1. Please go through the stretch 186-209 and give me each residue that is in a loop (DSSP other than H, G, I, E, B), open to solvent by 30 Å² or more (accessible area, probe 1.4 Å) and of a type outside the set (Asp, Glu), ordered by number.
2. Taking residue 355, is it open to solvent by 30 Å² or more (accessible area, probe 1.4 Å), closer than 30 Å to residue 153 by Cβ and under 29 Å from the mean Cα position of the chain (by Cα)?
3. Only one of these conditions is not met by residue 306: (1) in a loop (DSSP other than H, G, I, E, B); (2) in contact (Cβ under 8 Å) with a residue 24 or more places away in the chain; (3) under 29 Å from residue 419 (Cβ atoms); (4) out of contact with any helix residue (DSSP H, G or I) (no Cβ under 9 Å at 6 or more places or on another chain). Which number is it?
4. Given the conditions (1) out of contact with any Lys or Arg (no Cβ under 8 Å at 6 or more places or on another chain); (2) surrounded by 15 or more Cβ atoms within 10 Å (Cβ to Cβ), which single one is not true for residue 341?
5. Considering only residues that are touching a residue at least 24 places away in the same chain (Cβ under 8 Å), among the aliphatic types (A, V, I, L, M) and assigned to a helix (DSSP H, G or I), which ones fall in the stretch 231-283?
6. Any idea how many residues of the stretch 253-266 are within 18 Å of residue 460 (Cα to Cα) and surrounded by fewer than 24 Cβ atoms within 10 Å (Cβ to Cβ)?
7. For residue 452, work out the one condition from (1) surrounded by fewer than 16 Cβ atoms within 10 Å (Cβ to Cβ); (2) at pLDDT 95 or above it doesn't fulfil.
8. Which count do you get for residues in the stretch 433-446 that are assigned to a helix (DSSP H, G or I) and within 28 Å of the chain's Cα centre (by Cα)?
Amino acid sequence: MTVSRTTSPEVTAGGNERGTGDWTDAWDVMLASAPARRRGRVLQSALREAVRSGRLAAGTRLPSSRELAADLGVSRGLVTDAYEQLTAEGYLRSGHGSGTWVGDAVRAAAPAVRDRAPHPAGARADFVPGTPDLSLFPRAAWGAAHRTVLARLPHRALGYPDPRGLPELRTALASLLARRRGVVADPERLLVCSGVAQAMTLLGFALHGRGLRTMGLEDPGSPENVAVLGAAGLRTVALPLDSGGLAPGALERSGVRAVVTTPAHQYPSGIAYSAVRRTELLGWARSVDGFVLEDDYDGDFRYDRAPVGALQGLDPERVAYMGSVSKSMAPGLRIGWLLPPEELYEELVERKRTMDLGNPVLEQALLADFVEQGGYDRHLRRCRLAYQRRRDTLIAALGEHFPGTEVSGIAAGLHIIAVLPGRYGPEARFLRRAAAAGVALRPLAYHGTAGPDDGRVRLVMGYAHQSPSGIARGVRLLAKAVGRG
């Protein structure tokens with residue numbers, strides 16, 4: 001039995017040169033091990049995979065159903081059914097009296113699945129900010145709650161959920177946010193989202209629909225916001241900061257009517273907006289009939305005193321409050337929340353419904369249980385103690401290996417700003433040497449501002465995701481790589 005191709009020598013059923021028989025042998029083994037009722041599906045699956053992988057190339061003529069059935073020891077009807085099914089799907093083509101051929105619509109699949117998650121490639125030490133310690137994730141408590149929560153979920157809860165989020169999660173989050181962050185939180189005004197990125201996307205579409213075309217962003221700030229808001233059709237304007245927060249003069253001159261801020265702990269500078277600046281920011285929003293989008297990205301982590309309360313509590317009709325568990329627990333959970341002004345709420349709910357029909361139910365129920373049973377508070381306490389120790393380790397290591405370094409933004413959050421003495425510059429050379437040694441760093445300039453033109457190295461250094469010993473080792477490695485200036 002042969003398989004032929006119009007432009008190549010005749011081949012066997014596997015597409016190999018005549019006489020090898022490898023493919024029919026492999027199919028024979030698969031079919032022999034399969035229950036009789038499944039042999040047709042096994043044959044179809046084998047043929048599909050052979051075409052997808054390119055082992056049966058486009059233009060290859062397959063053996064007749066009679067020949068292949070005889071070779072495999074199965075009924076002709078089973079082979080005929082397989083040919084007909086794959087012809088209907090587009091894998092094969094046939095013509096009356098001309099046989100069955102591999103179609104040309106299929107392209108071979110990629111040989112491997114790639115991981116495009118943002119991991120530093122080959123880093124020996126990683127000081128890039130933005131990630132908590134994922135090893136602190138409460139796996140035992142989360143796993144124990146999983147079976148309990150799943151068992152008590154009613155069957156109807158596994159249908160399409162309320163696009164705003166499960167009522168029990170909205171209730172738990174509203175209580176948590178009012179208690180910990182001082183927000184005005186009504187469960188009926190809270191929207192569960194897939195992190196702050198989705199919350200900001202929803203707000204971007206809503207504001208674009210109201211005629212806004214430009215959004216203000218803090219400078220320095222998170223460059224990812226430019227792409228997120230750009231996807232909603234909004235252009236962004238960088239607005240400078242001073243020691244109190246957004247500079248009011250630049251904000252007024254910009255002409256924008258909405259701005260994204262991180263007032264409790266500005267990212268990445270680490271400052272907390274002063275009371276005066278908070279009042280000025282809200283006054284500006286009222287004067288232009290605008291909105292403040294508050295990203296409370298790590299507001300729970302303060303080491304010198306109680307965390308600064310959220311801006312939203314001062315004016316919930318001008319401030320859209322956004323947060324998530326990405327820094328407090330793990331970004332992979334993809335759970336966040338949005339408390340928008342009332343006038344935007346229904347539009348945001350409808351946009352959320354059409355965007356994804358709601359967040360996964362089980363994860364929402366798990367988080368609700370975790371919050372209600374006190375697990376979230378216990379986890380935050382554990383993390384705060386661990387991160388404070390790591391911050392202290394990083395500051396001490398910089399003082400030992402880079403004496404004269406100025407550090408700021410140390411009172412809260414998961415990173416610091418380090419400004420090294422001038423002898424370690426220029427910054428470009430410093431970063432090249434660090435990269436060559438396998439030390440992953442992020443300069444302050446990445447966030448939109450280069451700082452004064454004095455040749456000093458300015459870094460945003462994350463510490464939460466490393467152990468104290470790893471932090472100390474990484475700073476030593478960095479010092480060895482760049483020398484003593």
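The values are calculated or read from the model by the stated rules, or taken from the named source; none is laboratory data. Only a predicted model underlies this, so the values are computations on that prediction, with no experimental measurement involved. Methodologically, a virtual Cβ is constructed for each residue, glycine included, from the backbone with ideal geometry; neighbour enumeration extends over all protein chains shown. Remember, those area values only see protein heavy atoms, side chains included, never the ligands or the DNA or RNA. Shrake-Rupley method; radii C 1.70, N 1.55, O 1.52, S 1.80 Å.
1. 194
2. Yes, satisfied.
3. Of everything listed in (1) in a loop (DSSP other than H, G, I, E, B); (2) in contact (Cβ under 8 Å) with a residue 24 or more places away in the chain; (3) under 29 Å from residue 419 (Cβ atoms); (4) out of contact with any helix residue (DSSP H, G or I) (no Cβ under 9 Å at 6 or more places or on another chain), residue 306 misses just condition (2).
4. For residue 341, the failing item is (1).
5. Within the stretch 231-283, 251, 276, 281, 282 qualify.
6. The qualifying residues number 1.
7. (2)
8. 6
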